[in-house]
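Beneath this line is the structure, given in structure tokens, with notes to follow.
The values are calculated or read from the model by the stated rules, or taken from the named source; none is laboratory data. Computed from a prediction, not measured in an experiment: that's the story for all the values here. Backbone-built Cβ (ideal geometry, glycine too); neighbour counts: all protein chains shown. Heavy atoms of the whole protein, side chains included, go into the accessibility calculation; ligands, DNA and RNA do not. Shrake-Rupley method; radii C 1.70, N 1.55, O 1.52, S 1.80 Å.
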Amino acid sequence: MFGRVKDRLITEVEALPSNTVPLPKSSPHRILGCSLYPPFPVGSQQALFGLGCFWGAERLFWSLPGVFTTAVGYAGGYTANPSYEQVCSGLTAHTEVIQVVWMPSEICFYDLLKVFWEAHDPTQGLRQGNDVGSQYRSAIYVNSSEHFEEAQRTKVNYEKHVLKAGLSKITTEIRVEVPFYYAEEYHQQYLAKNPSGYCGLRGTGVSFK
């Protein structure tokens, strides 16, 4: 259906046109039982994390105490309301992300960042392991300058340990106020529905300190 671009991040003029209609809404969270959609509880906070394939990454975050809900989707690119097939073509510039909504009285952003940095390899650019393409790039998208600065600080700190371990510089993209587009129903809590399904999460073995 689409051409495929795997080795670079496309420009806006190359992107597929936006879709005017969002994908149909998904059922409540298979594990947590709550809605994937706003409004979320008063006082909750949210961020988007890209760690490669979103199936295993979502399971990682929904298992954390203090997380209210999670959902998988697409962010960081140009095409509004994309389908999975469009994202996989590399022609939307989106990466696969997990929307994490948490209660800061129970878990803090710093703890989520620790999980994020240790759970994948943030030095690989447009890939994670054998998964190649811009949709697998590492990313943190936040909604406040405070979270942006904290994410940047932890990136600088973690990169020191990563370089000391002989790895490359961190390529994680950190941005503020990036639109999130929910993925299709079958992707939501995929590993709860398919316990033997693919999980590509692989950390570097370098501790976040």
For percent of Cα pairs over 30 Å apart, with candidates (i) 40; (ii) 20; (iii) 17, the value calculated from the shown model is option (iii)
Reported to the nearest 10 Å², Tyr186 has, with a 1.4 Å probe, an accessible area equal to 110
Dividing the helical contributions, -39500 (n - 2.57) per DSSP H run of n ≥ 4, by the residues of the chain yields a 222 nm value, nearest 500 deg cm²/dmol, of -7000 deg cm²/dmol
Given backbone amide H placed at 1.01 Å from N, residues whose amide H is under 5 Å from that of Ile174, ignoring those fewer than 5 places away on the same chain, are Ile140
Expected vector for region 25-30, Karplus 3J(HN,Hα) from phi with 6.51, -1.76, 1.60 and θ = phi - 60°, integer Hz, x for Gly and Pro, equals 5, 9, 5, x, 4, 4
In whole percent, the fraction of accessible protein surface over the chain that belongs to carbon or sulfur atoms, probe radius 1.4 Å, stands at 53
Of the residues Thr171, Ala139, Cys108, the Cα lying farthest along the dipole of the chain towards its positive end, which is defined by charges on the beta carbon of Lys, Arg, Asp and Glu, belongs to Thr171
Classified through the alpha carbon gyration tensor (a ≥ b ≥ c as square roots of its eigenvalues; rounded if a/c is under 1.5, else prolate when a/b is larger than b/c, else oblate), region 131-209 comes out oblate
Checked against a 25 Å limit on the C-alpha separation, the offending pairs among Lys169/Lys209; Lys114/Lys164; Lys25/Lys114; Lys6/Lys164 are Lys25/Lys114; Lys6/Lys164
Heavy-atom accessible area with a 1.4 angstrom probe orders Ser138, Ser44, most exposed first, as Ser44, Ser138
